[in-house]
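Accompanying notes for the structure given below.
The values are calculated or read from the model by the stated rules, or taken from the named source; none is laboratory data. Values in this document were obtained by computation on a predicted structure and should not be read as measured data. Neighbour counts are summed over all protein chains in view; Cβ atoms, including those assigned to glycine, are modelled from backbone coordinates with ideal geometry.
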Amino acid sequence: MTDYSRYDDDFDKASEMSGSEIPDGKYECKFVEHRDGITQSGNERISLFMKIDRGPHKGQILFLDWVLTENRLPYIRGDMVKMGFDLKKDRFSHCVAMLDSYYGERFYITKKTKGDFANINLESRIESAVNVDWPNDEPRGDGEPTGDVPF
């Protein structure tokens, strides 16, 4: 049996999360982790964890699942190109092995709910040269900027 007592002190200090749902919209996120797994239907998957970087939902996590089936591979290719992988040079297995080198990179992610399911899509990479934190440019709940550019 696992001894969970090592978490007691941190658990006592942790604030309670409200469990509020992240609304549909476009978000600036930082790629923070990925994990391999198996879906309920038995397909292999790679989950990409994206931490919201700005706005009222800052710090919350959106995750994008790459389910490894033949009909999903074109979408995964598209995501990899948007992330900056050179698919003319690198094979899929090499790109997956390199995912951790992309930790900290920033991306625009959209969330769209349809019925009981939420679709999380990688839209584009945020180039660091363009990524300036203007003081009045905080996003709304939908992730879009609200402030004026200060010049």
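Worth pointing out:
- Only one entry of Phe31, Phe63 meets the criterion of being among the aromatic types (Phe, Trp, Tyr), part of a strand (DSSP E or B) and modelled with pLDDT under 95, and that entry is Phe63.
- In the range 74-119, the residues that are in contact with a His (Cβ under 8 Å, 6 or more places away or on another chain) and loosely packed, with under 14 Cβ neighbours inside 10 Å: Asp100
- Scanning the range 25-63 for residues that are surrounded by 13 or more Cβ atoms within 10 Å (Cβ to Cβ) and of a type in the set (Gly, Ala, Ser) returns Gly25, Ser47, Gly55.
- Residue in the range 14-21 that is modelled with pLDDT under 90, exposed (fewer than 13 other Cβ atoms within 10 Å of the Cβ) and either outside any loop (DSSP other than H, G, I, E, B) or among the hydrophobic types (A, V, I, L, M, F, W, C) (or both) present: yes
- Inter-residue pairs, beta-carbon under 6 Å, first closer than 17 Å to Asn43 by Cβ and in the range 72-91, second surrounded by 13 or more Cβ atoms within 10 Å (Cβ to Cβ) and not aliphatic (A, V, I, L, M), 6+ apart: Ile76/Trp66
- Cβ-Cβ under 6 Å pairs, at least 6 apart or on other chains, the range 37-53 side assigned to a loop (DSSP other than H, G, I, E, B), far side surrounded by fewer than 15 Cβ atoms within 10 Å (Cβ to Cβ) and of a type outside the set (Lys, Arg): Asn43/Thr69
- Within the range 79-89, the only residue that satisfies the criterion of being over 15 Å from the mean Cα position of the chain (by Cα) and part of a helix (DSSP H, G or I) is Val81.
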